[in-house]
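Novice: Just passing along the structure, written as structure tokens.
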Amino acid sequence: MSAQFPVVRPRRLRRTPAMRRLVAETQVRPSDLVQPLFVKEGITEPLPIGSMPGVVQHTRDTLRKAAHDAAEAGVGGLILFGIPAVKDGRGSGADDPAGIVQKALRDLSSEVGDATVVMADLCLDEYTDHGHCGILTSSGEVDNDATLERYASIAEAQAAAGAEVVAPSGMMDGQVGAIRAALDKAGYSGVSIMAYAAKYASAFYGPFREAAECAPQFGDRAAYQQDPANAEESLREVLLDLDEGADMVMVKPAMTYLDIIHRVRESVRVPVAAYQVSGEYAMIEAAAAQGWIDRGRIIDETLTSIRRAGADIILTYWATEVARSLIRR
């Protein structure tokens, strides 16, 4: 730049709301957003989640209503998490055709599948009695390769129930390849995989574990989720997942890993998703309830920052609310 003040005045482009909208470099659209939803077997009314005000464990009926609301607001997708009535060591409910998630997927696929993308989280932690993301060995470690067999079976069950996208979140080595092979063999080559490729062993997941009733009964998940200190490892994981057949990749959490989102976006030519996780949601809601922050502005600012970092898709518990507000603007 050769021109200087007073000829150059950047504030000219900030003078009015209309001008700021016109020149905005980053925009969040309803179709960029994915609404996470929880459905619980055996309940007759939705159950509020104490650590996540405004979020509930749905019945199948209230889930349908929430899905219709999201679709009407223009939300790009829904991702479903299930809580079965009975859990066991191998997570049998995860691939049971009569399980709660498969029933709910059939509901959503038939009712809103033409209006939004129906996705299914693919993991075992919500279905196992020990709360870990895989099958355990006799010594209590997660058996990577035995778990892949379970993931393959879950993928087939979710695809058969109508999932357009399966999203493996367990961070097992080889999970995307095992799932892609199983889907293709079973005739579901059109089902996409959104890989939780860079999922960190984060303290921000606490409220989710209440919502999905999946807290580990011993130990933690640091042996399979990523170390928050590492960045290069994320790119390695992302590229491995793409080599195995992932159609989209995800970074989780979002706000404390904006640098990772940016690095992934710069490195790949597929859609990049980011998950604004339960702890991020809970902190903002708690601070807003105390009157310490402007809730609406903070929500907008955080989503914009995630989008600006490079995320094409944002999973957020505010998806439907934000989509409605964007329509009104």
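Novice: Using only the heavy atoms of the protein chains and a 1.4 Å probe, how would M172, M283 rank by accessible area, largest first?
Specialist: So, going from the largest accessible area down, we get M283, M172.
Novice: OK, next. Under a 1.4 angstrom probe, counting protein chains only, how are R297, R29 ranked by accessible area, largest first?
Specialist: Largest accessible area first, the residues go R297, R29.
Novice: Turning to a different aspect of this structure: Between exposed chymotrypsin sites (Phe, Trp or Tyr not before Pro) in the chain, where DSSP calls loop and at most 16 other Cβ atoms lie within 10 Å, what's the longest gap?
Specialist: It runs 1-217.
Novice: May I ask you to give the solvent-accessible area per residue for the chain, in square angstrom, as obtained with a 1.4 angstrom probe?
Specialist: Accessible area per residue, the chain: 45 Å².
Novice: With the crude spin-label approximation of a point 7 Å out along Cα→Cβ, what separation in nm comes out for R21 versus D145?
Specialist: If labels sit at R21 and D145, their model points lie 5.9 nm apart.
Novice: Which residue, A287, A274, A254, tops the fluctuation ranking in a GNM of the chain built on C-alpha contacts under 10 Å?
Specialist: Most flexible of the set in this elastic network: A287.
Novice: Using a Gaussian network for the chain with springs between C-alpha atoms less than 10 Å apart, which of these wobbles most: A309, A195, A66?
Specialist: A66
Novice: Something else now. How many times 2.2 N^0.38 Å is the alpha carbon radius of gyration of the stretch 8-106?
Specialist: Scaled against compact globular proteins, the figure is 1.60.
Novice: A further question on this structure: Take the solvent-accessible surface of the protein heavy atoms, probe 1.4 Å, and return the percent of it on the chain that carbon and sulfur atoms account for.
Specialist: 51
Novice: Using 1/(1 + (r/R0)^6) with R0 = 45 angstrom and r between the beta carbons of D173 and V7, what's the FRET efficiency to the nearest 0.05?
Specialist: That pair, D173 with V7, gives E of 0.20.
Novice: I've got another one for you. Considering only Cα-Cα distances, which of the following residue pairs are longer than 28 Å: K40/K252; K185/K252; K40/K199?
Specialist: Beyond 28 Å: K185/K252.
Novice: Taking H placed 1.01 Å from N in the peptide plane, check which residues at least 5 places from V117 or on another chain put their amide H under 5 Å from its amide H.
Specialist: Hits under the 5 Å cutoff: G77, L78.
Novice: More than 17 Å apart: what percent of Cα pairs in the stretch 235-329 qualify?
Specialist: Summing the P(r) tail past 17 Å for the stretch 235-329 gives 52 percent.
Novice: For D259 and R328, calculate 0.36 nm times their separation in residues minus their Cα-Cα distance, and state this gained length in nm to one decimal.
Specialist: Contour length minus the Cα-Cα distance gives 21.7 nm.
The values are calculated or read from the model by the stated rules, or taken from the named source; none is laboratory data. Owing to the predicted nature of the structure, the values given are computational and were not obtained by experimental measurement. Here Cβ is always computed from backbone atoms with ideal geometry, including for glycine, and neighbour counts include all displayed protein chains. SASA here: full protein model, heavy atoms, side chains in, ligands and nucleic acids out. Shrake-Rupley method; radii C 1.70, N 1.55, O 1.52, S 1.80 Å.
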